[in-house]
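Below is one structure, written out as structure tokens, with a few remarks after it.
Values in this text are rule-based calculations from the coordinates and carry no lab data. This structure is a prediction, so every number in the text was calculated from the model and none was measured. Cβ: placed from backbone, ideal geometry, glycine included. Neighbour counts: every protein chain shown.
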Amino acid sequence: MQRVFADPGSEWATPRFAEIVPRIQALAGALAPAVTFTRFLAPEQPSGAWRDYYARWSFALVRPESPLYDLVPDFADPGPTVDATTFSKWGPDLAARVGEDVLVLAGVSTDCCVVSTALAAADAGVAVRVVADACAGADDRSHAAALHVLGLFSPLIEVVDAAAVLASV
């Protein structure tokens, strides 16, 4: 839930970002304290295929403390965060936060960081619930396509809605 995706002037603007904020707030409130926000950050020095990526998206090659990568004010004091220079945020830090629990994923972008994190976590044997109406993609078509693909991984990954998650808490 970073500014780089919220700002309509950003090259990475996510059109439905503002629509999912209330659902993510409700989920975070209901699931606290077991909530972790993640942030995508640029590496100091891109390597491999990331060099071409940042040649295309040079605006994003800024230091991690840049306001571009801050969480939006709605989530200014989120508690634990996991930062990564990769699309997937699944790794030792997030795994330690999840433990044996179900990983409930919401946020942006459905068709990039959400799908990457969900697949990596499922491969690690973690049950994943992607909250469809608390995610937003680069556009509606990409969002729907990502949710369709994620649904193919059932029962490892289940696509659910916020009401179902909130009812289960």
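Within a Cβ distance under 14 Å of residue 157, other residues only, what is the Lys/Arg minus Asp/Glu net charge?
Charge balance in the 14 Å sphere: -1.
Can you tell me the dipole magnitude for the range 79-165 around its Cα centre, using point charges on the Cβ only (Lys, Arg +1; Asp, Glu -1), in Debye to the nearest 20?
80
Stick to Cα atoms and the Kirkwood definition of Rh, then tell me Rg/Rh for the chain.
Using Cα coordinates only, the ratio equals 0.94.
With contacts defined as alpha carbon pairs under 8 Å and 6 or more residues apart, what's the relative contact order of the range 3-168 in percent?
After rounding, I find 25 percent.
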